[in-house]
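Taking it in order: structure first as structure tokens, then the write-up.
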Amino acid sequence: MLKNQDIVCISMTFWEAVWLSNMQYMKRLSRDNRVLYVERPVTFLSYFSPNQREFVSKQIKRWWSDSIRRIDDNLFIGSPPPVLPMRFEKPVNMLNQYVRGQWLHQAMRKLNFRDPILWIYDPDAGQMVGHAGEKMALYAITDDHPSMAQRSNRIQAMRAREHELLSAVDLVLTTTDNLRETKLPYNPNTHYVPHGIDAAHFAEALNPNCQPMPELADLKPPVIGIVGQINQRIDVTTLATAAERHPEWTMVFIGPVVRERVNIEPLEKLPNVRFLGRKPAEDLPRYLKSMSLCLIPYIVDEHTLYMHPLKTLEYLAAGKPVIATPLPALDIYGEYVHRAGDTEGFIAKMEQAIAEDTPEKQRQRSAYAQQHTWENRLETISNLIESRLAEKART
């Protein structure tokens, strides 16, 4: 495992938003390394995005007053200055990265970071490589970002900036094997490392002493759970059909709804569907406790084909049966994730899973998830980094 390193993480997300793999890794790395987690910069358009709006004024205030805050002994969160929209267009990108780079140099001097590992998640950050005094740079890819181009970001510009980044870094990590195949032509040091799980935390759902959240405690089973952001990925038609066909089921959504990207009216009008909004990560096992079945109901398209939903292992660690659409990344879970590609097949799988579930199957799922911890994944990544550092030292 990496130790005694300075690590600068150029993230796409806010530290206080939904926790993703970048937060999971940086939190764990900070136990034995110093970590500067650089949050995504905001633009004036960020205010018009509901899933970013709550962070905009907070980010600007933090940047203006003291742009670096300390979370614990070795973990620092940085709020960079605002930047211009259309961030993937070449001239704008160069200016934005210059601004972010100047801020980063000041932050590193303040923290006395030297020869860091530059750990990049943001696909527009190619101009940062080679300008942070880093000993090596890596690009960690969790989605095919350009296929989700929107607003002022053109897919062609996003592809161009990402290709620049792929060619510039020393190491590329992908969370799905088909993502690895698409990025390999741009960097031969591209490796597949799937997502992990905080298994002990989510396994609390199986603990007899774990109390369900009051919002769900009085619901009669079966309760069908969907955890995560509700956006254009969700197959609303299939879910509404399932809820209509089974009024005895209660369908519960936990996570923010991105209303400008998805029409949830067909679900909202149903009496057995509930939207509970974003919930703290520490409370999720108590919500999962009440669920009989959990879903990954994504429309399969150019974007989701490359996704590896974090919630898969979280559901399994909590012991829940999982029904999903046929995303290629889920092949690695074999019989632990049941998949169907159409509405009728999906509902049939739901009915079967509810009828056939047992406490023994729940324990088996949770035990399986224990093999895929973030610590295990981080050990794999650490070995790749150390190997690449050794190669660079020999040249």
Relative contact order of the range 178-285 (C-alpha contacts under 8 Å, at least 6 apart) in percent is 26
Given backbone amide H placed at 1.01 Å from N, residues whose amide H is under 5 Å from that of Tyr192, ignoring those fewer than 5 places away on the same chain, are Thr174
Within the range 61-105, the residues whose backbone N lies under 16 Å from a label point placed 7 Å from the Cα of Glu260 along the Cα-to-Cβ direction are 85-87
For the chain the mean separation of alpha carbon contacts under 8 Å (6+ apart) over residue count, i.e. relative contact order in percent, is 14
Each label sits 7 Å from Cα toward the beta-carbon; between Asp342 and Ile299 the label points are separated, in nm, by 1.9
Here the chain gives, from Cα atoms, an Rg and Dmax in Å of 21.4, 66
Expressed in angstrom and ordered largest first, the alpha-carbon extents of the range 115-257 along the principal axes are 57, 36, 25
One would report the antiparallel percent of DSSP beta bridges in the chain, rounded to the nearest 5, as 10
With the 8 Å Cα cutoff and a minimum separation of six or more residues, the range 258-389 has a relative contact order in percent of 21
Shape call for the range 199-371, from the Cα gyration tensor axes a ≥ b ≥ c (a/c under 1.5 means rounded, otherwise prolate when a/b beats b/c, else oblate), comes out rounded
Both in Å, the radius of gyration and Dmax of the C-alpha trace of the range 292-395 are 17.3, 60
Note on the range 263-347: the mean projected area of its alpha-carbon convex hull, in nm², is 6.6
The lysines whose Cα lies under 18 Å from the Cα of Lys279, excluding any fewer than 8 residues away in the same chain, are Lys289, Lys311
Rounded to the nearest 5, the percent of DSSP beta bridges in the range 199-371 running antiparallel is 5
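Each reported figure results from applying straightforward, stated rules to the coordinates on display, with no laboratory input. Since the model is a prediction, treat every value here as computed from it, not as a measurement. Note that each Cβ is placed from the backbone with ideal geometry, even for glycine, and that neighbours are counted across all protein chains shown.
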